[in-house]
1. Going by the structure shown, is residue B:440 away from chain A (no Cβ under 14 Å), crowded, with 19+ Cβ neighbours inside 10 Å, closer than 30 Å to residue B:352 by Cβ and at pLDDT 90 or above?
2. Inside segment B:549-590, can you point out the residues that are within 58 Å of the chain's Cα centre (by Cα), free of Cβ contacts under 8 Å to residues at least 12 places away in the same chain and closer than 22 Å to residue B:615 by Cβ?
3. Out of B:218, B:171, I need the residue that is surrounded by fewer than 18 Cβ atoms within 10 Å (Cβ to Cβ) and within 14 Å of another protein chain (Cβ to nearest Cβ). Which one?
4. Taking segment B:363-377, which residues are within 7 Å of chain A (Cβ to nearest Cβ) and either under 21 Å from the mean Cα position of the chain (by Cα) or modelled with pLDDT of 95 or more (or both)?
5. Looking only at residues that are in contact with a Phe, Trp or Tyr (Cβ under 8 Å, 6 or more places away or on another chain) and within 21 Å of residue A:201 (Cα to Cα) in segment B:392-401, which one is surrounded by the most Cβ atoms within 10 Å (Cβ to Cβ)?
6. If the requirement is being within 12 Å of chain A (Cβ to nearest Cβ), within 27 Å of residue A:5 (Cα to Cα) and at pLDDT 85 or above, which of these qualifies: B:145, B:139?
7. One residue is enough: does segment A:161-180 have a residue meeting the conditions modelled with pLDDT of 85 or more and within 23 Å of the chain's Cα centre (by Cα)?
8. For segment A:69-121, give me each residue that is facing chain B (nearest Cβ under 9 Å), closer than 29 Å to residue B:647 by Cα and β-branched (Val, Ile, Thr).
Amino acid sequence: MIHSLFLINCSGDIFLEKHWKSVVSQSVCDYFFEAQEKAIDVENVPPVISTPHHYLISIYRDKIFFVSVIQSEVPPLFVIEFLHRVADTFQDYFGECSETAIKDNVVIVYELLEEMLDNGFPLATESNILKELIKPPTILRSVVNSITGSSNVGDTLPTGQLSNIPWRRAGVKYTNNEAYFDVVEEIDAIIDKSGSTVFAEIQGVIDSCIKLSGMPDLSLSFMNPRLLDDVSFHPCIRFKRWESERVLSFIPPDGNFRLISYRVSSQNLVAIPVYVKHMISFKENSSSGRFDVTIGPKQNMGKTVESVVMTVHMPKAVLNMNLTATQGSYTFDPVTKVLTWDVGKITPQKLPNLKGLVNLQSGAPKPEENPSLNIQFKIQQLAISGLKVNRLDMYGEKYKPFKGVKYITKAGKFQVRT
Amino acid sequence: MAQDKCHLITQVGQPQVSHCATPLPVQESLALGKHLGKALPAVSPSPAAGRVHDDLKEMLDSNKDSLKLEAMKRIVAMIARGKNASDLFPAVVKNVACKNIEVKKLVYVYLVRYAEEQQDLALLSISTFQRGLKDPNQLIRASALRVLSSIRVPIIVPIMMLAIKEAASDMSPYVRKTAAHAIPKLYSLDSDQKDQLIEVIEKLLADKTTLVAGSVVMAFEEVCPERIDLIHKNYRKLCNLLIDVEEWGQVVIINMLTRYARTQFLSPNQNESLLEESAEKAFYGSEEEDTKEPKAEAASLAKRKPYVMDPDHRLLLRNTKPLLQSRNAAVVMAVAQLYFHLAPKAEVGVIAKALVRLLRSHRSVQYVVLQNVATMSIKRRGMFEPYLKSFYIRSTDPTQIKILKLEVLTNLANETNISTILREFQTYIRSMDKDFVAATIQAIGRCATNIGKVRDTCLNGLVQLLSNRDELVVAESVVVIKKLLQMQPAQHSEIIKHMAKLTDNIQVPMARASILWLIGEYCEHVPKIAPDVLRKMAKSFTNEEDIVKLQVINLAAKLYLTNSKQSKLLTQYVLNLAKYDQNYDIRDRARFIRQLIVPTEKSGALNKYAKKLFLAQKPAPILESSFKDRDHFQLGSLSHLLNAKAVGYQELPDWPDEAPDPSVRNVEVRGAPQGAGCMGGQGGSVSEESGSSSSSSSSSGSEEEEEEEEEGSGEQSEDKEEEEKRPKRKDKEGSRKAAMGSAGRYPLGKRGSSVNPFSLNPAVTPPPPQPIPSSSIISTSLVTDLEGLTLTDTSLTPAVSVPHALPGMSRDPCPSWGLQVGGSASHTPAPRPRQLLSPAFGAVRTYELLHRMAGEGLSVEYCFSRRPFPGDPHMVAVHIQISNNTDAEVKSLRVSEPKLLSGMRIQEFPEIGTRLAPGDTANVVMGIDFCDSTQAANFQLCTHTRHFYVSIQPPVGELMAPVFMSENEFKKEQGEWGTGTGGSQPRR
């Protein structure tokens, strides 16, 4: 299936290669570079490239291209999903998935890749199993290793691979037994010029951090499970139980993981927590334009809207912007033409406003399109859909765990057309 | 590592940084990267590198593990950067038996990378792995096999083969999984091993653990995807295990099962009229309802139409559906394509929701999913309509995603939603991304052609775009307008005039060419303008692009034909210019057109038809999606994405016209009457079940349905049970289902049935279909033949093994045996004199032909007397015993109206003229030629008052006659019959 993997940074250096079958020459990447040049923007590099003898399937994550070489028919998503899993694993191991991190830990990276694929077919991709096989580097461990000469490779053989629950390792022990759930909801929306909602829906995830000893069997129930329209599960969740009782029943993996992700049906009315008033215009036959944007909160159940950031991709003809912000600070990058306004918290008494002049290239025709505004925000302690966790029960172990649930609402792909 | 870098840098020519002791700062390496990459191959054998390696060699030779480890780490770092470290091979390979696990692992990494290049030296390490294969620890056995099989050295193929075979029957499922992984490796190394590997695959396919399932199907797909017959017996098991298999395995299994189902089941959508009905239902009924009771719906549909979904087909659909909720996009996509290709139209809708969910994922996932959605949305538009807004485009989407979303939106457009979609499109047209704008204009054109209602609106909108400042937008609009106008040119002479004006400004060649073509084509609508345009174009002819020049010639020719008075000279001028053009196409065209349109003495008959040729009615172009008909590729595959056949792509077969025998999937389950542990049972309880079912199973559709429902309800009740031991429970369920399947639905008397009396251990696969030189394996045809025997004859249930399948005969002391088909001569090649043995009698079993109750007091039994039937050697003698249990006498017993399959003959017994007094019995013998088949012979048994319908079905064993044959004779015979198609086989 997956023949080889090349990691390429933004400037086109191949800084890591791994082959699971016969060696494929680096020159195969030339086809990739060609496509990259053609695409101009990194985002537009086609994920699948056909070359005379191979197929290249690539993903772009954290400024690194993961380019895999395929020789025969394979579902492209299979490869793409796997590459993302590799990137996730690096993230998990090194805290970041960057070129420096990979270069610094090249041996661990190699060991990981060796375990994750056998002959191009995924072998062990569960983080819990991998961590039993190869211990993630920590400062303490590297100090200990350098003194005692012990290694990062686990000398106990991984048992998780053999069990029915490969996501959990055996013999987990904690002094403080804790289980935390973060219900994170994101609002995806398109607001049109007049302020009416073209499209809005809520996407949510429940991220968990579970540190429980032994083999706990948890069940998590909601006050209003019917809200969830479409759900995807971590493999640990018993599907039948959800189908029949709408209860999440599972033996959790150890540590951080994503329990479910869900979508609240778009049929439901989504409460949009902010509104934007905007006035952007470019004058004909003069090299300037006006820019005036105000952001305000709608009724949000008494919660404040925080960390508001607005980013705008201005038209190419814009040279510079002279603006004044009543709150927060703004930056305009004349190269990428991106305007960023970091607003912060919105207080309803004094609405934040950004206003001023736009300098256009003289002589160029006026831009036809007004740019769309991308808004980010956060609301603490609120799940905008109204989803509420009812209770968490634990079976199989005697101790009393500490339980916690946190709600948060964020803007997802939130765009205002002007 | 640092040192390596330094040397490279020196090579590249930056000595000033060569003293750095720590890894290079990022920027520097970035700047150098490209050069480094190119310089690498040349650098590796350099003396400098050699020196570095000396130092590594020393470290590897030392006694300290820490030094070795350090050296190995540096070597691996070199490999990772693509540098050649092959000259260290001897030093590294020595450490293969090192005690330190990390060193060992890194040595493995090195070995796998370079063994191919240093085959001889690599052999040194083999013995270590061979030792590892015998280790008591399963993980060590597995890892030894893994590395051994990864070394691509052809010499060790036999060793690998042996190791794989052994590992395939290892106790540990993990080792078996590794064996499955090793199969494709060996196959790629030496494809001659295919036959042996298929054996191993067959064995592993029968494995019941989830760990092995994914890997072995992967091996199956790589080695022998064409051997779909290997799947039959494992089909239900795979379906039931699926949910517990790891996610990557799920993808592979689902894709394989899609292909399998296409060969084995009938199309659920074959009945078109009903289809529409059900599609409507999906449209009006809510999704939830639909998904909850697909079974009930299927059942209700089944009542109305002849098509009945095979329960196995349903099983697959039911068991894959939960996987739509997987977190793995590849699994979701696999299920989606399975539903798209296999599910009844009404049920396909369930996948839309899951696919839309994937659109929230990474860009590359979006890209692939949208490609597939685009294809699906052409075939099944209704499916995605509720999610129309999810395909709306954001200005931050990358262009390739935008264009795909646009494609989907266009496909989804219909009369009801077109106004919404067009309003969206209006927003898009003002985008900064010009490629996207061009695509939007094309999309508008497509909407306009597809939906007549909005054609004028679209056209007006596009005409407005003609005054757009961006030339690309204008050009694209012109091209699209041209296509639209072609549909109804008469009404739009205004637009054509407007476009004629554009020729002054617009520079994009394609657009100019389009305008010229339009004017030429409809020159009669704009008689005043056309010659003027030609005049202008003649002026600028030499500066035009080729594509425009061709259209100028075209325009000139058309004008010459319609309006020669005004344009004769112009045409001559243009043709003269073209005659001396640099491009040969244009010169050619000019010459050709001149001959065609200008009448000369020489020009032939064609001249008369020139007008017809040029101004013929041309059909309007059909604007259709580039994704049309892409669904002949399996969705979700690489080939579908590329719209070209990728290497190793397995064609998705068309549905068969007639369903292949469904009984091939029946599996024997032994010692597990109600799923109480399916391993290790040796008893033959299944024959009881099948025996009892044989009386009733005429394998009708309604019966299958009942069973289906039964299965479903059973499952539901089980759902409420504790879920603690999930996988184990599933296993049980699976085996129980399988048991029910074989019990409930076994169609009696069909050849190629599958209850296999020979496998004592259910984990052991049925014998492979080819003859194998080992004498302990029985040819399939015999196996299948003999299977019939066990089914109808409970007393013959094999308590032991092969020889007992034919009681009596095996006790004969003959050194070698042959069974010869005795029923008819059709299989017997030449009438060779052969010594027929006297039949030996075990307990001859009698069968009931007519029960006392059914026969109103008359009971009839029959047995096969195993004697040649006098008068006809092809006939089987059937001994019939009739007893009268009534109070009255029975008269004139006879056979009448035999209903036989073609070729079958029956020799009726003479009518029993005498009366049969109450309590009396009569014995008669009749002969039936079954024609070597196990089909039943149906006839009526008549008395003076009543008729009874009866049938006699022969067990295969009764159709054979014992023949003496020496071993040599047998082999000869076998050779003549090819690969075991005959009915004879040696014993012991």
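1. For residue B:440, the condition - away from chain A (no Cβ under 14 Å), crowded, with 19+ Cβ neighbours inside 10 Å, closer than 30 Å to residue B:352 by Cβ and at pLDDT 90 or above - is not met.
2. The answer is B:588, and nothing else.
3. Going through B:218, B:171 in turn, the sole match is B:171.
4. Correct list: B:368 only.
5. B:393
6. Going through B:145, B:139 in turn, the sole match is B:145.
7. Scanning segment A:161-180 turns up at least one residue that is modelled with pLDDT of 85 or more and within 23 Å of the chain's Cα centre (by Cα).
8. Matches in segment A:69-121: A:70, A:74, A:79, A:80.
The values are calculated or read from the model by the stated rules, or taken from the named source; none is laboratory data. None of these values were measured; they are calculated from a predicted model. Positions of Cβ are generated from backbone atoms using ideal geometry, with glycine treated the same way; all protein chains shown enter the neighbour counts.
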